[in-house]
Structure formats: structure tokens, C-alpha cells
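Nothing in this text is a laboratory measurement; each read-out follows from the coordinates by a stated rule. Note that the structure is a prediction, hence the values are computed from the model and not measured. Backbone-built Cβ (ideal geometry, glycine too); neighbour counts: all protein chains shown.
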2 protein chains.
Amino acid sequence: MNKTLNIAVIGLGNIGSYLLNELNKKKKEIEIKTSKKINVVAISARNINKKRKFKINKKIFYKNPLKILKEKKIDILFELIGLSDGVSKKIVEQSIKKKIHVITANKALIAKHGEFLSSLAEKNKVNLEFEASVAGGIPILRTIKEGLVTNKINKVVGILNGTSNYILSEMQETNNSFKDVLKKAQKLGFAETNPKFDLNGQDVLSKIKILSSLSFNKKISKNKSLMKGIEDIELKDIKMANSLGMRIKLLGITEIIDNKLFERVHPCLVNKESYIANINGVMNAVILNGSPVGESVLQGEGAGPGPTSSALMSDLLSILRGNIKYPFGVSYNKRKIIKNYDLNKYSNSLYLRFEVRDKPGVLSQITKVLARFKISIDRLIQIPDHKNKRASIVIITHKANELNSSKCLNLLKINKNILKNPTLIRLF
Amino acid sequence: MNKTLNIAVIGLGNIGSYLLNELNKKKKEIEIKTSKKINVVAISARNINKKRKFKINKKIFYKNPLKILKEKKIDILFELIGLSDGVSKKIVEQSIKKKIHVITANKALIAKHGEFLSSLAEKNKVNLEFEASVAGGIPILRTIKEGLVTNKINKVVGILNGTSNYILSEMQETNNSFKDVLKKAQKLGFAETNPKFDLNGQDVLSKIKILSSLSFNKKISKNKSLMKGIEDIELKDIKMANSLGMRIKLLGITEIIDNKLFERVHPCLVNKESYIANINGVMNAVILNGSPVGESVLQGEGAGPGPTSSALMSDLLSILRGNIKYPFGVSYNKRKIIKNYDLNKYSNSLYLRFEVRDKPGVLSQITKVLARFKISIDRLIQIPDHKNKRASIVIITHKANELNSSKCLNLLKINKNILKNPTLIRLF
């Protein structure tokens, strides 16, 4: 590596422009810590004139990022566009082939093409770093790859989506509806204009796939996983959870059960007193179980340009210090493939909410179907809504098999006395 | 580096023998992750025949560790004796001079001689790694040096001594006295036979000195710091704290105030609901405030052979991967010297407990002296002990200056109606 390294930054949204400012401000510190100089020689975005919080140097601006690779000698490239394919994939792939180190915050790209890109990086002997793709400012990937490197990790649980966690916390605190809180979140910049992938669990699932791969030294799974977001959570559920001494949290979970991989994302009811219940707002948290280290907990801000830049800069300095490493800690061809655990075999306590017509016999219809599918009831709460001749029935079950409960709910769904799709939340 | 590296392990107590077993068990994993083979070629302890949980290979045993350096070619040496000077310092110094990488869990050595040894390691271009010296299984040093590398950290607060935290938690939970709980801790292996340095704050202060140095890119301070342990905490204080909605925790704190360094270790009263109040038993936790990352929290098991070995192995793999780095993240001659903040200028709310004769006028004597030193009272609780004609007076003050409060207590100490040294615990 030369003493001065040429940097390109692709994507100048909130994160890209914040990062540019950091790179500029911390040149001297970087030199002290790595004995290397950096020079940002090219930047790229769709729109040169967009309003940005930090000034950009228009002299080094490119509308087409691929042109940079043809015209300039780049040593390290930041990909901050964030698409799972398209120009994001193209620029990363071409950069690696030109022996340029790549740093990205793009979980969608890594979860989808991480295997291909990491093997390409290994072949070309460059770094592909993606600390910022999971849990923002929490250096969780580095912690797994280095700090806990020889531990046998068997389970990772995380609050990994700031938008969802903010909405759930805020509903809890203000008693406002999902819709109202989402609007507020969008106003405050905690939710995107199109928050689909944050709310439907997709964002968390990408992160979980990356975390599994690092934790269990395995290839990224392409299998279908249980993925449910928070879109169906109503204020009613939040209040009911509260009265049961619980909170609702969107969790990403990955673990090894019987040597099989069980990755899932769904809302969970967690004990109000537990650590995870008290991670509020846009915070992220990750709980790892490993041997011999025991339980490790990491908590920090999960999103936003500050924490994300903190992670991007850690990747940069790792490269500048010459720490060339396998992107996933273990070489592409030494990572295992682990078969998926069969979700249908899983058993869990469930929270079920039924909105029903308030007339005799409805409860017995429900409990009969539950019994048929061997779902036994731990607690039952019926809340009447006399004005509308309706009632909410909330049931906490003992451990119930996933296949049985899904069959059971499918049957109950078509019951005319049950007025809408039953709500199911798993207990943690 | 050769492809097979020769390892020496000096010190075969609980940690050393656990580590040997790990090194043996994980040879293959290490090779997969680093493309290097390791071979333990020498071990040393005072007593070859001591009962150990794991078998040691007596063929490679040396009574005198310094002899190893003369007779064998060593690439990486683990120092696990734990003295701040003596043979610990000798073996580390001589190893570095012979261009042997050193890994140690020895906070006392690093806090005392870290500057000398790190400059020596830089000169000889070898690693001096000490992840295991602070917070056991929590990879906090690596997180500061790498994961949060370009953040401007301004404050670090930690529960860093498992023994003290266990004793305080256990007193809280069981209502047993300090003495009884200490005995139990010793039985369970949570306290050493001579627990002095754990209980008087020395152990935490060493760790805080290492954390400050890394967090603020400064040389290890040789200045005297506020250091108080938990030896004077009575069950009375624990109960009183509880009734005030608080818990007592031994905290290590380091921060920059007005560009000066303020390192301290002392018991603190913390809000019962706060995160730090709920770190119980032998757990450790570290809270960092940095910019731009915000608040980061790391929690995990702070001691014991498992977590400590996890940290030692992370150091080993870092060396095997060829990550040669400055021991303190920044080169010896580029780290600053920061002057100490004058403790006498500091103000804090205080919890004061006086054991007094139960007779008229005593309270007024106390409050008069407090007033003279401008210490104003927020809450006052008097608990009579009629049988013994005594009373406990507990006072929570508004912010009081350290110099004033120490003068004030010195004066009250000699009051004949005050039966023993007043107890002072700072509020957090």
C-alpha cells in the first residue's frame, strides 16, 4: 500500500455526507493511528445539487460511480447507496476485481450476495468490510470475528431495527396508535418515507443472516425463514402486554438447535423486568451466548449518520492498519453449510388475540379448536366492548407446536364470529 | 513468522491450566481462522505437582520461566502469574527484548509498567496484548482500539470488579453482613483468600488507568487518584439505599473535565431502576460515551477462567493473523500527558451516615458543622436504636464540594457524640 491512499465515497445521503465530514476532520488522527494518509479523490451521488448538511467538493463529483473506476486510481471505496442489487452490486463487484478495498453499510447486499462478494474479495486479496451493516455503532461484527473469536457461539438475540423499536416504545409510552407513531417517527427522521423493509422484518432478517454466518462460521443461508414485522401490532396488544407484565419487542434470533440452524424475526412478548424489555427508542442491543465466555451483551445506537460513520471508520482504520482478513472471519471454502431447523417442529408459548362477536358460544368454539390442536391455555382474558357488541379474547398458551398453531389459526380465521385475522405474538 | 508458532504459558493456576486445555482443543479452529499452526512447547509454574483441573504435560515443564527463554525458541508467551513486578515483569521484559510476542492478563503489571513495556514492544516490533486484563470476557480494549477507533470518548464508567459486585449484590439479596458474604464468596471461588486488592479498589483503579489510556490516547497516569473500596459498606447502608430507591455499586470512572483527567474508584449510590444498578453478581459492565457513536454499553462475565481465556485467545488470534499494532492503539511517543483534575474542586451529592449517641443536641451539632462547610441537606433520616441509646443519622446532601466535605467529616470525626467514623458514599 502506498503511504497516501485514495478514497472514493459512493452515495451522499445523510450517511455519506456525514462520513465525508468525518474523513476530513480526522485526517490527522488517522495518520497518528495508522501511519497512513488518506485523500478523498472521488465522490458520487445521483444529484449533485441536493441539499446536504455538509458541503461536498464538487470538483471531485461524478454522477456515474462506475466512471470513477475507469478514470481514477482508487485504493478504498465506500459503497453507501444501499441497494441489494443494481449499481450497488456493480460498483462493489467491479471495485473488488480492480483490487480496491470495499467498505459498505449495505446489509441487503451482503445478506444477498455476501458469499459471492466475499469469495471474490478473498481471491483478489482485498478487504470487504461491512461493520456498519449490522447494529450501527455497536461493533458487533468485529466483536464476533475478533474479540470472541474462538468462542463457540450457540445463540444470538438482538433488537436490530431502530425504527421498529422506536415505534413499539413510543406506542407503549404515549398510548398512540401504530399509524400516529409511525407518522411521528417519519417526521423525526426515525422512519423512512417508505419504511416497508424496516416494519416487515426484512431489515432485521438481513442482519440476522450476517450475524449467523459470522457466529457459526457458516455460509449465508438462502433458506426461507420465519419473518414477521410489527405492522399488525395494535395499541390493544401493547396495553394487554403491559397488564400482563410484559413488553412487545421485535427480535431477531439465530441459534443452533440439534445441529440445525434456526433463524427467525418476529415480535416477542418479553418480561417487563428483563434487560431486553428495557432497550427503548432507536437503541439496538445484541445478546450473545458463547462458550467459554458466557453471556455477552452489547448495546448502542443502532442507526443514524453518527453511529454508522463510527462503524465505517473502524473498517477504514482496520484496512489502513493492514489487517487483511477474510470478510466472514473464516475463508469462503472453509465455512460450513448448516441445514435449516424445521420450524414446524418448534414449540413456543403464544399470545393470541381474537376479536369476536359478543354472543354466547364463541369462546367455546375457540377453545374447542385449540384443544383439537393440542394447544392448552395458560391464561385467558376476555374484554367486552358492549357498545359494538364485540369482545377481545386474549389467550396465553402453554408451549404450542408451530405447525399445530398455524393450522388452528387457519381454521379459526374462517369462523364467522371471529371478526378479523387473529393476532399471534410469540413469548420469549 | 513461521507457519508453526511456539507457545509458552507461564503460570498454571486456574486460568493458565484452562487456557492450556483451550489451546489444545482449538488447534484446528485456530488453523482455519489464521492459517497458522501453534505448538505449546514450554509451560511453567511454581509447583509441578499442584492439583489442577486439567492435565499438564510434564515433559515441557520448567520451574524457572526465565530458563525457557534461554533453552527454547518461543514465538508467543502468555504471562499469567499476575504480579505487578518481580518475575512477571522480568519475563515480559526479557521476552519482548528477544522479539517474542507477549500476551498477559496482568492489569497490575500493565497499570504500573505499561508505558515502559509498550515502548519496548514498539521498538522490538512485537505485540504486547492485554485484553484479559480488563473486564474478563468483554472485549473492551479491542472495542476501544478498533471498533470505536475514531470516536472522541469523553467518559467511561464501569463495574469492573466481580468480587466486589458479587458481595454487594449478595448483601442486598440475602441481608447478610459483609463478613458473612465475603466468606461465602471465598468458598464459591468468587473471592481470593487474600481479597485485599479486590475490596480496596486497587484492582479497579488499575483497570481504569488502562481504560483511560486507551480511551483518551494518553500515557498511563502516575498520579494519585481517589480510590475507595467496599470494605466499609455495612448492611445498614445497603438497606438504607434500598429504602431510598437506590443500590450501592463499586464504580470505576474516568472522564475528561475541562481538559483534565479525572480518574476515580469508589462506591456509588445509583438509582435502582438504572442499567448499572441491575448488573448483579460477578458480572462486569462498561458504559462508554463517545462522539459520534453516542452511548455504548458492553456487559459480560468479568472473571473466571472461561471468560479470561476467551480474551487471551482473542489476543493470540490477533497476533497469528499478523495484526501488529501499538499496544495502546497509538504509538508511545504520540500519546499525550493529561494533567489531573483537582479532586478538591469536584462537587457531588453525598450520602452520609453517622452513628451517634441518642441524646439531645447531637443532630444540631452535626447540621451546624455541615452548614459551616456549605453542605446543604436534601434529605435526613434518623433511626433510633433505643436499646443501645444510639441512633443512625443518614443525610443525603445537595451537591457538596469534596474539599469541604472532607474537612467537615474530619471535624465531625472527633466529636465525642459521634461513635465511629462517618460513612460517606457518593451519589452517581
Item to check | Reach of B:LYS89 by Cα under 16 Å, taken over aspartates and glutamates that are not fewer than 8 positions away in the same chain | outcome: B:GLU79, B:GLU115, B:GLU129
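Going down the table (A:LYS249/A:LYS334; B:LYS339/B:LYS420; A:LYS260/B:LYS36; A:LYS183/A:LYS239; B:LYS98/B:LYS219), which pairs top 31 Å between alpha carbons?
Violating the 31 Å Cα-Cα cut-off are A:LYS249/A:LYS334; B:LYS339/B:LYS420.
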Checklist entry - Setting aside same-chain residues fewer than 8 positions from A:LYS368, which aspartates and glutamates have a Cα under 16 Å from its Cα? => result A:ASP378
Checklist entry - With chain A treated as a Gaussian network of Cα nodes joined by springs under 10 Å, which of A:GLY13, A:GLY189, A:GLY302 yields the largest mean-square fluctuation? => result A:GLY189
Checklist outcome for this item: If each part is reduced to its alpha-carbon centroid, region B:342-360 and region B:100-161 end up apart, in Å, by 36 Å
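Could you compute the FRET efficiency for B:ILE377 and B:LYS260, with r as their C-beta to C-beta distance and R0 at 35 Å, rounded to 0.05?
Numbers: r = 30 Å, r/R0 = 0.85.
In this case the efficiency is close to 0.70.
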Item to check | Charge dipole (region B:4-129, unit charges on Cβ, about Cα centre) - positive-most of B:PHE61, B:ILE7, B:GLY114 | outcome: B:PHE61
Checklist entry - Considering only B:ALA132, A:THR104, A:ALA42, whose Cα is most displaced toward the positive end of the charge dipole of the protein assembly as shown, charges sitting on Cβ of Lys, Arg (+1) and Asp, Glu (-1)? => result A:ALA42
Item to check | Calculated [θ] (222 nm, deg cm²/dmol) that DSSP helices of n ≥ 4 give over chain A, each run adding -39,500 (n - 2.57) | outcome: -10500 deg cm²/dmol
Checklist outcome for this item: Computed about the Cα centre, the charge dipole of chain A from +1 Lys/Arg and -1 Asp/Glu charges at the Cβ has a magnitude in debye, to the nearest 20, of 1280 debye
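Placing unit charges on C-beta atoms (Lys and Arg positive, Asp and Glu negative, everything else neutral), compute the dipole magnitude of region B:4-129 about its Cα centre in debye, rounded to 20.
Working: 29 positive and 11 negative charges, 134 e Å.
Its charge dipole is roughly 640 debye.
Could you please rank B:ARG379, B:ARG353, placing first whichever residue has the fewest other Cβ atoms within 10 Å of its Cβ?
Least crowded to most crowded, the residues run B:ARG379, B:ARG353.
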Checklist entry - For chain B, modelled as a Gaussian network with Cα springs under 10 Å, which listed residue fluctuates most, B:LYS27, B:LYS359, B:LYS249? => result B:LYS359
Checklist outcome for this item: If one builds a Gaussian network model of chain B from Cα atoms under 10 Å apart, the most fluctuating residue listed among B:TYR62, B:TYR332, B:TYR166 is B:TYR62
Item to check | region B:187-222 and region A:230-298: distance between their alpha carbon centers, rounded to Å | outcome: 34 Å
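List the trypsin sites (Lys or Arg not before Pro) in region A:125-173 that DSSP assigns to loop (not H, G, I, E or B) and whose Cβ has at most 16 other Cβ atoms within 10 Å. Which are they?
Numbers: sites: A:LYS125, A:ARG142, A:LYS145, A:LYS152, A:LYS155; in loops: A:LYS125.
For trypsin sites (Lys or Arg not before Pro) across region A:125-173 that sit outside H, G, I, E and B with at most 16 neighbouring Cβ atoms in 10 Å, the list reads A:LYS125.
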Checklist outcome for this item: Output field shielding_mean for B:271-279 (other chain Cβ, 10 Å radius) holds 1
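Return the average number of partner chain Cβ atoms within 10 angstrom of each residue Cβ along peptide B:318-327. Before the final figure, lay out each step's value.
Details: counts 4, 0, 1, 8, 4, 7, 3, 5, 5, 0.
If you average over the peptide's residues, the count of other-chain Cβ atoms is 4.
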Next on the checklist: Counting other C-beta atoms within 10 Å, and keeping those with at most 11, which DSSP coil chymotrypsin sites (Phe, Trp or Tyr not before Pro) do you find in region A:210-292?
Outcome noted: none
Checklist outcome for this item: Per the C-alpha gyration tensor (a ≥ b ≥ c, the square roots of its eigenvalues), region B:17-71 is rounded if a/c is under 1.5, else prolate if a/b beats b/c, else oblate; here it's oblate
Next on the checklist: As a footprinting exposure proxy, order B:ILE15, A:ILE393, B:ILE110, A:ILE324 by other Cβ within 10 Å, with the fewest listed first.
Outcome noted: A:ILE324, A:ILE393, B:ILE15, B:ILE110
Checklist outcome for this item: Scoring chain A by relative contact order with C-alpha pairs under 8 Å, at least six apart, yields a percentage of 16 percent
Checklist outcome for this item: Using the Cα gyration tensor of the protein assembly as shown, the equivalent ellipsoid's semi-axes, largest first and to the nearest Å, work out to 43, 40, 28
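Within 10 Å of each residue's Cβ, count the other Cβ atoms and sort A:PHE373, B:PHE78 from fewest upward.
Listing A:PHE373, B:PHE78 from fewest to most nearby Cβ atoms yields A:PHE373, B:PHE78.
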Item to check | Directionally averaged shadow of chain B, computed from the convex hull of its alpha-carbon atoms, nm² | outcome: 22.0 nm²
Item to check | Candidate lysines - alpha carbon under 17 Å from A:LYS50, same-chain residues fewer than 8 apart omitted | outcome: A:LYS58, A:LYS59, A:LYS63
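Select from chain A the helices, each a whole stretch of DSSP H, whose alpha-carbon atoms run 18 Å or more along the helix axis and whose Kyte-Doolittle mean is at least -0.5; answer none if there are none. Intermediate values should be presented prior to the final figure.
Numbers: long enough: A:107-124 (22 Å, -0.18); A:202-216 (21 Å, 0.63); A:305-320 (22 Å, 0.77).
Those that pass (Cα extent of 18 Å or more, hydropathy at least -0.5) are A:107-124, A:202-216, A:305-320.
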Item to check | Too-long pairs where the Cα-Cα distance tops 30 Å, listed order kept, from A:LYS112/A:LYS399; A:LYS236/A:LYS399; A:LYS112/B:LYS3; A:LYS224/B:LYS145; A:LYS28/A:LYS218 | outcome: A:LYS112/A:LYS399; A:LYS112/B:LYS3; A:LYS224/B:LYS145; A:LYS28/A:LYS218
Item to check | Selected from B:MET313, B:ILE287, B:TYR341, residue furthest toward positive end of dipole (region B:276-347; charges at beta carbon) | outcome: B:TYR341
Item to check | DSSP-defined antiparallel bridges as percent of all bridges, the protein assembly as shown, nearest 5 | outcome: 70 percent
Next on the checklist: With a cut-off of 8 Å between alpha carbons and a minimum separation of six or more residues, what is the relative contact order of region B:4-129 in percent?
Outcome noted: 25 percent
Item to check | Electrostatic dipole magnitude of the protein assembly as shown [Cβ: Lys, Arg +1; Asp, Glu -1; Cα centre; debye, to 20] | outcome: 1940 debye
